[in-house]
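I have placed the structure first, in the form of C-alpha cells, so that the comments after it can refer back to it.
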Amino acid sequence: MIVIRYQSATGPAFGLVENGVAFALDGDLFDPARPVRRGRKIGPLADVRLLAPVAPGKIVAVGRNYADHAKEHGGEVPPEPLLFLKAPSAVVGPGEAIRLTPLSQHVEHEAELALVIGRTAKHVPVAKAWDYVLGVTCANDVSARDLQKRDGQWARAKSLDTFCPLGPWIVTGLSLDEVLNLPITCRVNGVVKQQATAGDMVFGPATLVAHASAAMTLFPGDIILTGTPAGVSPIRAGDSVEVELGRIGILRNPVLGDE
Ligand code: ZN
C-alpha cells in the first residue's frame, strides 16, 4: 500500500494511492483494532498537495552505517549502531525547500532509507523487530558539516530547520528482504552522487529497531534514519536534490538560500 499524507479541508490527513489516484484513508494506520480501508476519492495524485508522510515524535538516526561512507569521513565502522537524534521540527515534505542558513557554510546531502515505526516498540528482539515497522520512505539527512565538527556533537548540525526532508509517501507491506534489495540513489541537479543498496548497511533495519528500542521506547510514527552511503557532497542555493529508493519513489527538494 502507498500511504500519503496530504492537506485536507480539515488539516493534515492520511490517504492512499491506487493507480495514480488518491483516496482518503478510513481507519487508523497505527491501531490494529481499526484496520485501514480505502475511503472517498480525492482525485489524481498529481493534483494533491503532499505533506511529509508522517509527523514523527522523534527521529532516531544512525551514524556511519555504510562502510564506504565511514571511510570517506576517516572513521571506522562502529562496533554497535551509533545513534543520534534529529529534531522533528526539521521535517519538510516532498517539494519543500531545504533552506540554507548563515550558521553554516558547508551543508551536505545524505540519502537514506527511513523506517516508519508502526507500533510501540520497547525491548524488541531482532527476530521480531520487522513487525514493528509500518513501512519505508525516502529521507535526506541534511547535515551542516562545519557545525558537526565545531560542536563536537551533532544536535545543531543535523536539526536545522528544513534539514529533514521525508517522502514522498510510505510504502507498507514490504518484507525485510525486499527492503534490503532496494537501491538508494542521490542526485544533485540530475547528477548521481550516491548509489548503493540498502543491503550494504552495516547494521540492518531489524537490528536498528531492536537496538534503538532497547534504549528508548519507539512510538507509532517515529522515524529511524538508517544511515547514508558514500558520495555525500555539498549542496548550494539553486540546487535540486533527489533521493530515490528503487520502486518506492523519489523525494525531490530544491535548495534555497536564507530568506
Ligand atoms: Zn545520516
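Top to bottom by accessible area (1.4 Å), largest first, where do Ser89, Ser8, Ser240 land?
Reading off the accessible areas and sorting them downward yields Ser89, Ser240, Ser8.
What is the spin-label model distance, in nm, from Asp47 to Leu176 if the labels are put 7 Å beyond Cα along the C-beta direction?
Each label point is offset 7 Å from its Cα along the Cβ direction, giving 4.3 nm.
Accessible area of Glu244, 1.4 Å probe, to the nearest 10 Å²?
Rounded to the nearest 10, the figure is 50 Å².
So for each of 177-183, 247-253, 82-88, 207-213 I average, over its residues, the number of other beta carbons within 10 Å; can you give me the resulting order with the highest mean first?
207-213, 247-253, 82-88, 177-183
Two decimals is fine: what's Rg over Rh for segment 59-125, C-alpha atoms, Kirkwood radius as Rh? All intermediate terms of the calculation are to be shown ahead of the outcome.
Details: Rg = 14.9 Å, Rh = 14.9 Å.
That ratio equals 1.00.
Between beta-carbons, use under 14 Å as the cut-off and find the net charge around Thr185, counting Lys and Arg +1, Asp and Glu -1.
Combined, the nearby Lys, Arg, Asp and Glu give -1.
So for segment 75-188, Kirkwood radius off the Cα pairs, Stokes-Einstein at 25 °C and 0.890 mPa s: how many µm² s⁻¹?
Here the translational diffusion coefficient equals 155 µm²/s.
What Kirkwood radius, in Å to one decimal, follows from the Cα pairs of segment 156-227?
Its Kirkwood hydrodynamic radius stands at 14.5 Å.
Ignoring ligands, DNA and RNA, please state the percent of accessible area on the chain from carbon and sulfur, probe 1.4 Å.
52 percent
Please report the equivalent ellipsoid semi-axes of the chain, computed as sqrt(5 x eigenvalue) of the Cα gyration tensor, largest first, in whole Å.
Details: eigenvalues 148, 101, 53 Å².
Each semi-axis is √(5λ); the values are 27, 22, 16 Å.
Report D for segment 114-245 in µm² per second (integer): Stokes-Einstein, Kirkwood Rh on Cα pairs, 25 °C, 0.890 mPa s.
156 µm²/s
If you wrap a convex hull around the Cα atoms of segment 2-47, how much volume per residue is inside, in Å³?
Working: hull volume 3.4 nm³, N = 46.
Taking the convex hull of the Cα positions in segment 2-47, it is 73 Å³ per residue.
Given the -39500 (n - 2.57) contribution per DSSP H run of 4+ residues, what per-residue ellipticity at 222 nm results for the chain, rounded to the nearest 500 deg cm²/dmol?
-3500 deg cm²/dmol
Please report Rg over Rh for segment 29-85, where both radii come from the alpha carbon positions and Rh follows the Kirkwood definition. Before the final figure, lay out the partial values.
Working: Rg = 19.4 Å, Rh = 15.9 Å.
Rounded to two decimals, Rg over Rh is 1.22.
Leaving out ligands and nucleic acids, and using a 1.4 Å probe, what accessible area per residue does the chain come to in Å²?
For the chain, the solvent-accessible area averages 43 Å² per residue.
With both partners inside the chain, how many of the DSSP beta bridges are antiparallel, as a percent to the nearest 5?
Taking every DSSP beta bridge with both residues in the chain, the antiparallel ones total about 90 percent.
Using only the Cα atoms, work out Rg/Rh for segment 122-169, with Rh taken as the Kirkwood radius, to two decimals.
Taking Rh as the inverse mean 1/r over Cα pairs, Rg/Rh reads 1.15.
Note down the nm distance, to one decimal, between modelled labels 7 Å out along Cα→Cβ at Val126 and at Met216.
2.3 nm
In percent, how large is the relative contact order of the chain, given Cα pairs closer than 8 Å and 6 or more residues apart? List each step's numbers first, then the result.
Numbers: 688 pairs, mean separation 65.8, N = 259.
So the answer I get is 25 percent.
The values are calculated or read from the model by the stated rules, or taken from the named source; none is laboratory data. Computed from a predicted structure; not experimentally measured. Glycine also receives a Cβ, built like all others from the backbone with ideal geometry; neighbour counts cover every protein chain displayed. Ligands, DNA and RNA are stripped out before the accessible areas are found, and what is left, the full protein with its side chains, is counted by its heavy atoms. Shrake-Rupley method; radii C 1.70, N 1.55, O 1.52, S 1.80 Å.
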